[in-house]
Amino acid sequence: MTTRRNFLKKTGILSAITLVGIPKISNAISIENNFAAVKKPVVLSTWAHGLAANEGAWKILSANGKALDAVEKGVMVTEADITNLSVGLSALPDRDGIVTLDASIMDEQGRCGGVACLERIKHPIAVARLVMDKTPHVLLVGEGAQKFALDNGFKLEPKTLSPEAEKNYKEWLKKSEYKPKINIENHDTIGMIAIDANGDLSGSCTTSGLAYKMHGRVGDSPIIGAGMYVDNEVGAACATGLGETVLRICGSFLVVELMRQGYSPEAACKKAVERLVKKNPDYKNAQVGFLALNKKGEHGAYALQKGFNYAIADNSGNKLIDAASYLK
Ligand code: ASP
């Protein structure tokens with residue numbers, strides 16, 4: 001039976017009514033009405049290491065698997081890459097020489113889980129998934145997170161740094177100066193967002209955080225709504241870069257809410273960067289990149305500085321795209 005609400009929805013009248021008061025946003029109505037045009041599956045992830053991660057995710061998505069499984073397994077490729085200096089246990093340590101890992105995951109039902117400041121566990125994203133699946137909580141940190149991982153069959157890995165991380169750390173110790181360098185290997189989270197064949201969205205994010213941070217420092221990546229956010233009615237977003245600046249504006253949540261208002265993924269990311277600029281007077285010394293995907297399978301990104309890129313995989317292949325930036 002066609003209810004009044006359904007009739008209005010089909011004809012677009014409801015969307016138009018809902019959107020009164022949001023001028024100049026032409027694609028707002030089409031988000032709700034144009035499901036036929038959904039491009040799926042699609043997976044996106046931050047930086048060049050996203051290419052290999054997308055391949056891992058694509059194996060699941062191309063076999064009609066769930067976006068949730070794809071975003072977990074996809075970023076596990078990066079966590080296991082022993083040459084990576086910004087994700088997983090091979091990454092650069094904090095200023096006390098300890099690698100601490102942050103991760104989060106979120107699915108189409110709004111279920112979510114995260115771990116922060118986790119030591120000596122190879123796959124923090126898998127622990128984040130278990131926090132989501134097996135506990136009544138969203139976030140476990142430090143020793144508690146590690147104990148939970150060990151209780152659930154994860155192995156305690158050695159304390160030692162990877163050879164490359166050790167070399168870098170020894171060099172850093174000479175001056176012990178904490179100064180994040182823009183776009184150089186002292187950060188670079190992998191954030192991943194995907195839409196599956198069923199049209200469901202999920203996201204994940206995993207990182208060692210900023211190199212040479214204070215011990216105990218937690219960034220945006222494990223915080224739902226900051227480093228990553230998913231709303232299955234609207235879209236998904238994730239962030240990379242100086243976490244403190246992203247935390248101040250609940251960055252990924254903001255991007256999703258801007259898409260809800262009708263902004264395209266790139267326009268939403270751009271607006272969020274502009275907000276971040278307003279709230280962070282020292283923005284010129286930071287880099288931040290936002291990446292977004294809407295319910296129609298459209299994607300976009302925007303960064304504070306030049307140099308942010310992201311990987312996209314869909315039926316036409318897997319490639320790297322340079323994002324536009326606020327500072328030219
Ligand atoms: N956002 C991460 C953090 O602040 C680092 C990064 O993405 O580069 O911990």
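Every number here is computed from the coordinates shown, using simple stated rules; none is lab data. Keep in mind the model is a prediction, meaning the values are calculated, not measured. Backbone-built Cβ (ideal geometry, glycine too); neighbour counts: all protein chains shown.
Before moving on, here are some points about what is shown:
- Stretchable slack from residue 214 to residue 261, in nm (0.36 nm times residue separation minus alpha-carbon distance): 13.1 nm
- Neighbour-limited loop hits for chymotrypsin sites (Phe, Trp or Tyr not before Pro), segment 149-247 (at most 14 other Cβ within 10 Å; DSSP other than H, G, I, E, B): 178
- Members of 175/278; 179/278; 213/284 lying beyond 28 Å, as alpha-carbon distances in this model show: 175/278
- Rounded tilt (10° steps) of 251-260 against the dominant C-alpha axis of the chain: 10 degrees
- Calculated FRET efficiency for the pair residue 175/residue 198, C-beta based, R₀ 35 Å, to 0.05: 0.10
- Candidates 244, 119, 55, ranked by Gaussian network fluctuation over the chain, Cα under 10 Å, top entry: 244
- Here's how it looks for residue 139: its modeled amide H is under 5 Å from those of 114, which are all 5 or more places away or on a different chain.
- Estimated dipole of segment 125-219 in Debye, rounded to 20 [Cβ of Lys and Arg +1, of Asp and Glu -1, Cα centre]: 500 debye
- Over all pairs of different C-alpha atoms, the chain has a mean inverse distance whose reciprocal, the Kirkwood radius, equals 19.7 Å.
- Within a straight-line Cα-Cα reach of under 21 Å, residue 155 can be paired with the following lysines, leaving aside sequence neighbours fewer than 8 residues apart in one chain: 73, 122, 134, 147.
- Segment 222-236-segment 83-143 distance, computed between alpha-carbon centres (Å): 16 Å
- For the chain, the mean residue ellipticity at 222 nm estimated from helices alone is -9500 deg cm²/dmol, where every DSSP H run of n ≥ 4 contributes -39500 (n - 2.57) and the total is divided by all residues, rounded to the nearest 500.
- Cross-link partners of residue 271 among aspartates and glutamates (Cα-Cα below 14 Å; sequence separation of 8 or more within a chain): 257
- Cα gyration tensor category, rounded, prolate or oblate, for segment 97-214 with a/c compared to 1.5: oblate
- Residue 189 long-range amide H proximity, modeled H, under 5 Å: 241
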